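The block underneath contains the structure these notes are about, expressed in C-alpha cells.
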Amino acid sequence: GESVGLHLPTLSVQEGDNSIINCAYSNSASDYFIWYKQESGKGPQFIIDIRSNMDKRQGQRVTVLLNKTVKHLSLQIAATQPGDSAVYFCAERGGGFQKLVFGTGTRLLVSP
Amino acid sequence: EAGVTQFPSHSVIEKGQTVTLRCDPISGHDNLYWYRRVMGKEIKFLLHFVKESKQDESGMPNNRFLAERTGGTYSTLKVQPAELEDSGVYFCASRPSGSGGAPNEQFFGPGTRLTVL
C-alpha cells in the first residue's frame, strides 16, 4: 500500500484487547475532530467524529476522547479484532471550512 | 451504491510529462475534494469543489496543478509538467450537501499512485 516508506508509529495488540490510539492536534480553532481508518489498498474511511464542545463520544465499539487543555485526541477500540488492523488517522476540520487536516497516522496491528 | 472511483490506480511517468487523474464521486454528491499523500508525509488537502465551482483551492501546491469539474460530476486533476516531488498517492473524496449524514464523513476513493521518474 501507499504506506511503504512512511514511518508510522505502530501499536500491536492481541485480538480481544482494547486499543488506544493517540493523536495531538495543533489548531485550537478546529470545530470538529475526526478519526479515519485506512486499510491497505483503500482510501480512508470515516469512523467517528467529535465536536469541539464535547469531551467524549461513543460509537459502535469505538470511543473518542477529546482533551482540549492539552490538545489531545484519542480513539479507543473495544475488543479489537483482526479486521481492525489498519492505519488510523486523526483529522481536524477548521471552523466553517470543510477541508480536513490529517495527522501522520498510527498503524494498528492485531494478532489473532 | 457505487463508491468513489479513481482512474488510473497507478501511473508511472517521466519528469516533465503530463498526467491527468480522474475522479468519479458518488452520484449526487455536490462536494468533491482532492487530497494527496507525498511519500513520508501526511495526507494533505488540495482543493474542494461544490458542484462545478472551486470552493477552496488553498492547498494546490503551484500552477502546475489544474483541477476541473466541468458539469459538476466527475473531476480531473492535471499535473503539467510533472516533477519528482509530485510522486505520491492522490485521493479524491466526495460528500453530499445538506444535513443528512455525518457532517464530516467524506467518502474517499482508493487513490491513484503517481510515480514520477
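Among the listed residues A:LYS71, A:LYS56, which satisfies the condition of being at positive phi and not aliphatic (A, V, I, L, M)?
Numbers: A:LYS56 fails: at positive phi.
Testing whether each residue is at positive phi and not aliphatic (A, V, I, L, M) leaves just A:LYS71.
Quick one: which residue in A:GLN45, A:GLN60, A:GLN14, A:GLN81 is open to solvent by 70 Å² or more (accessible area, probe 1.4 Å), farther than 29 Å from B:LEU114 by Cα and within 14 Å of chain B (Cβ to nearest Cβ)?
Values: A:GLN45 fails: farther than 29 Å from B:LEU114 by Cα; A:GLN14 fails: within 14 Å of chain B (Cβ to nearest Cβ); A:GLN81 fails: within 14 Å of chain B (Cβ to nearest Cβ).
Just a single option satisfies the conditions, and that option is A:GLN60.
Scan region B:8-23 and tell me whether some residue there is within 14 Å of chain A (Cβ to nearest Cβ), free of Cβ contacts under 8 Å to residues at least 60 places away in the same chain, open to solvent by 30 Å² or more (accessible area, probe 1.4 Å) and part of a strand (DSSP E or B).
Checked against the condition, which is being within 14 Å of chain A (Cβ to nearest Cβ), free of Cβ contacts under 8 Å to residues at least 60 places away in the same chain, open to solvent by 30 Å² or more (accessible area, probe 1.4 Å) and part of a strand (DSSP E or B), region B:8-23 yields no hits at all.
Take region B:62-78 and flag every residue that is under 14 Å from the mean Cα position of the chain (by Cα) and free of Cβ contacts under 8 Å to residues at least 12 places away in the same chain.
B:GLU68
Check region A:73-88 and report whether any residue there is at pLDDT below 95 and aromatic (Phe, Trp, Tyr).
No: zero hits.
Residue-wise test of (1) touching a residue at least 60 places away in the same chain (Cβ under 8 Å); (2) within 14 Å of another protein chain (Cβ to nearest Cβ).
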site: B:GLY3; (1), (2): yes, yes
site: B:HIS29; (1), (2): yes, yes
site: B:LYS44; (1), (2): no, yes
site: B:PHE49; (1), (2): no, yes
site: B:GLN80; (1), (2): yes, no
site: B:SER87; (1), (2): no, yes
site: B:CYS92; (1), (2): yes, yes
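The values are calculated or read from the model by the stated rules, or taken from the named source; none is laboratory data. Here the structure is a predicted model, which means the values were calculated and not measured. When we count neighbours, we look across all protein chains shown, and the Cβ atoms used for this are built from the backbone with ideal geometry, even at glycine. Keep in mind that these areas ignore ligands, DNA and RNA; they rest on the heavy atoms of the full protein, side chains included. Shrake-Rupley method; radii C 1.70, N 1.55, O 1.52, S 1.80 Å.
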